[in-house]
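Novice: The structure under discussion is supplied below as structure tokens; questions concerning it will follow.
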């Protein structure tokens, strides 16, 4: 009968008949082969005490932990109550205070060094502007702003970026309608159009009616073209309107609309486009002189800048801004263009409605797009300002006085003076930044006073 054996050398198990000196088929050892049941008995006996020991320790730990739960929660509740009592009954809390005298001391000026920071000015500032002692709410940048000193140098050469800006040219995009949307028809073209439409719709017009249409075309349409060539825009418009007053076909309005107006649709559409263009020209004529003046002033500005005539350039830029404001104001109160002549009452109702729409559209004329031009003029004016310190002596006096008041700790007075500086742009920008820092100091001082009281 076979029994199961186990080799303790290679851990191989196998079955074989019972005999002495049995050899392991895996490692060929004989001294390490034992019955498998002997090995199981020994392993179980060794593991059982260890498992029972671990189980007892775990049970004791869990029982202890369960017993300590009430004590833990009681301690937690007591801690929360104590913290709450301390928070609401510990008395007023004091905030940190700041030494404003130290701020004044920290802003004293050290030897100056020049540095270009923008295309429009030179700034004199301390070599090192560390935060003032005791003024922890002021950053290093705040101290630099307060210590910064703007000065204009009229003898300097323009920077490279300034040269590029001064050399730039912006075209004045006007709203002017320069020409008619299409060329005028000839009598031959009108007659050819009639023949083509007759063939297409298979509706031949009576000879008498065709002659009436040609007479109307000659007396009104061709006369309108001659008036336009003479520069008589209003006369040309009214004659073109009259060219659309076609005689009623067969004395029947329904046939007239269904036959004649349908066949003449290409001619009607082209003539309406010309009338609309003339309405636009008439409404915009009041703005053309102003736009021409703007263009001339812009040329003067650029000419002065090329010669480095800064005063003339500054005055030209100011003049352009004034002209632009006047033009925009004029557009709001533009006079209405004259209405159509009585001949317009002879046109068909559908054509009359289209004519009314064209007149309404022209009542809001388009003027030049001034935004790109004004942006360019503004940048050039700001550069010209930096070469004209004598233009802004009053502003620089206020600026220097505000800096002195800041050194004395008279924050509000310094801020009020800086708020009156609006030009030149580089000085106004620095004044705004200084006011921002002074606002921080004033606010902190008020908070300290409120806590102290």
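Novice: Any chance you could count how many residues in segment 376-417 are under 30 Å from residue 443 (Cα atoms) and without any contact (Cβ under 8 Å) to a residue 12 or more places away in the chain?
Specialist: Quick first cut of segment 376-417, residues under 30 Å from residue 443 (Cα atoms) only: 394-417.
Next, from what is left, pick out any that are without any contact (Cβ under 8 Å) to a residue 12 or more places away in the chain: 394, 397, 400, 404, 410, 413, 416.
Of the residues in that region, 7 qualify.
Novice: Return the residue satisfying two criteria in turn: it lies in segment 418-427 and is surrounded by fewer than 19 Cβ atoms within 10 Å (Cβ to Cβ) and without any contact (Cβ under 8 Å) to a residue 60 or more places away in the chain, and of such residues it is nearest to residue 311 (Cα to Cα).
Specialist: Within segment 418-427, the match that is nearest to residue 311 (Cα to Cα) is 423.
Novice: Taking the condition of being out of contact with any helix residue (DSSP H, G or I) (no Cβ under 7 Å at 6 or more places or on another chain) and outside any helix (DSSP H, G or I), how many residues in segment 409-453 meet it?
Specialist: Final tally of qualifying residues: 2.
Novice: Tell me, yes or no, whether segment 357-367 has at least one residue that is modelled with pLDDT under 90 and farther than 30 Å from residue 243 by Cβ.
Specialist: Yes, segment 357-367 has at least one match.
Novice: Something else now. Which ones in segment 1-17 are at pLDDT below 80 and either exposed (fewer than 11 other Cβ atoms within 10 Å of the Cβ) or under 60 Å from the mean Cα position of the chain (by Cα) (or both)?
Specialist: Scanning segment 1-17 gives a single hit, 1.
Novice: Please verify whether segment 195-216 includes one or more residues that are surrounded by 15 or more Cβ atoms within 10 Å (Cβ to Cβ) and either under 30 Å from residue 330 (Cβ atoms) or not assigned by TED's automatic domain parsing to the domain that holds residue 351 (or both).
Specialist: There is no residue in segment 195-216 that is surrounded by 15 or more Cβ atoms within 10 Å (Cβ to Cβ) and either under 30 Å from residue 330 (Cβ atoms) or not assigned by TED's automatic domain parsing to the domain that holds residue 351 (or both).
Novice: Please state which one of 373, 388 is more than 24 Å from residue 295 (Cβ to Cβ) and surrounded by 15 or more Cβ atoms within 10 Å (Cβ to Cβ).
Specialist: Testing whether each residue is more than 24 Å from residue 295 (Cβ to Cβ) and surrounded by 15 or more Cβ atoms within 10 Å (Cβ to Cβ) leaves just 388.
Novice: Of all residues in segment 230-268, which are farther than 14 Å from residue 348 by Cα and in a helix (DSSP H, G or I)?
Specialist: Listed by number, the residues that qualify are 233, 234, 235, 236, 237, 238, 239, 240, 250, 263, 266, 267.
Novice: Can you name the number of the only condition in (1) closer than 30 Å to residue 324 by Cα; (2) surrounded by 14 or more Cβ atoms within 10 Å (Cβ to Cβ); (3) modelled with pLDDT of 90 or more that residue 172 fails?
Specialist: Residue 172 satisfies all of (1) closer than 30 Å to residue 324 by Cα; (2) surrounded by 14 or more Cβ atoms within 10 Å (Cβ to Cβ); (3) modelled with pLDDT of 90 or more except (3).
Novice: I'd like the full set of residues that are within 34 Å of the chain's Cα centre (by Cα) and surrounded by fewer than 16 Cβ atoms within 10 Å (Cβ to Cβ), limited to segment 396-417.
Specialist: Correct list: 416 only.
Novice: Of all residues in segment 57-109, count the ones that are within 30 Å of residue 410 (Cα to Cα) and either at pLDDT 75 or above or in contact with a helix residue (DSSP H, G or I) (Cβ under 8 Å, 6 or more places away or on another chain) (or both).
Specialist: Total meeting the criteria: 11.
The values are calculated or read from the model by the stated rules, or taken from the named source; none is laboratory data. Computed from a predicted model, the values in this text were never measured in an experiment. A quick note on method: Cβ atoms are made from the backbone with ideal geometry, for glycine too, and the neighbour counts reach across all protein chains shown.
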